[in-house]
Structure formats: C-alpha cells, structure tokens
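Here the structure comes first, spelled out in structure tokens, and everything after it is commentary.
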Amino acid sequence: MISSSFCIFEIMFEKKKSYTVNEIKHKIENYCVYQDRCHKEVEQKMRDFQLIPEARELILLSLMKDNFLNEERFSKSYARGKFRIKSWGKQRIVRELKFRDISAYNIKTALKEIDEEKYLKTIYRITENRNDVISEPNIYKRKKKLIDFLMRKGFENDLIYKTVNEVVS
C-alpha cells in the first residue's frame, strides 16, 4: 500500500528534465524541419524550455543562419496551404499572418503565391457548394447566409457580393 502511494506521489511531483543548449537546439531544429515555422512559434517553443535570453538569441541566430527558420518561406507556404486546403480568402490569410508578426513585405510576397484565376474559381466553387447546402427559401436570407460564410472565409467584400449575386438568382 505504501509503495503504490509513493509511486503516485513521485509521478505527481516528477521533475522537469533539463536539457543542454545543444539538445534544445537540436529539438527546435527538428521542430522547424517538421513544418515551416514563424519566429513567434519558435520563440514560444524556446520559452517553454525556459531558456535564458542569451541562449534563445544564440539558437535563433543559428536557426536563421542554417535556414531552418525563414519568414519568407513560412509566409509563402502558409498562404499556399491555407488557400489550397482550407479555401481561405486573402483577407483571412493576411489577418493570420499579421497575428504571427509577419512583415508587410513578406505578406505581400505570400499573396503573390495565390493564382488569381484559381482564386476566382475557388470562391465560385465554395459559393455554389454552400448555396446547395443552405435550405433557406427566402432569397435575401439565403444571400445573407452566403455572404456571412464567405466573409468568415476571408474573401473581399466586392468579390463576395459579385459572386453571390451571380450564383443566387
């Protein structure tokens, strides 16, 4: 009885494992290799390891020098991925990149990754799909639901109104 309760006590108050700077650097390199990361995500990961500021700066510089961390590459892949997989509009992508403290230059570069023709095809496709799902008989309420959906997706207002008016007649 005493030994089992002692094991539970040990598990509850288990010490956090400590790592050397090189071990943490290797872990963060693997974190960056798995998927492109922005500076904010990497800095949060380093905060989780409770590193001193000098070690954080050393690791960050090393990651940038060895091209594990590249904001432009991150922003481009983020924009391509969110558009292709989640069908997000440009406004939503810009908002999310700003949230991750990406520079205006990198955001502009990332948006160039989205082909304008595919962008228009996507908004028409998701508008038609959503229109088929909405069971609202009132045409004005149907349009309102479509507009709200497309705004949440992050498309531009003028494009939304044009598309909705063409799809719902």
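Throughout, read-outs are computed from the coordinates displayed, never taken from laboratory work. Being a predicted model, the structure only gives us computed values, none of them experimental. Reconstructed Cβ throughout: ideal geometry from the backbone, glycine too, with neighbour counts over all protein chains shown.
Here is a list: Ile123, Ile93. Which entry is touching a residue at least 12 places away in the same chain (Cβ under 8 Å), more than 30 Å from Val42 (Cβ to Cβ) and β-branched (Val, Ile, Thr)?
Ile123
Whether any residue in segment 61-84 is surrounded by 13 or more Cβ atoms within 10 Å (Cβ to Cβ), closer than 25 Å to Leu150 by Cα and in contact (Cβ under 8 Å) with a residue 40 or more places away in the chain is what I want to check.
yes
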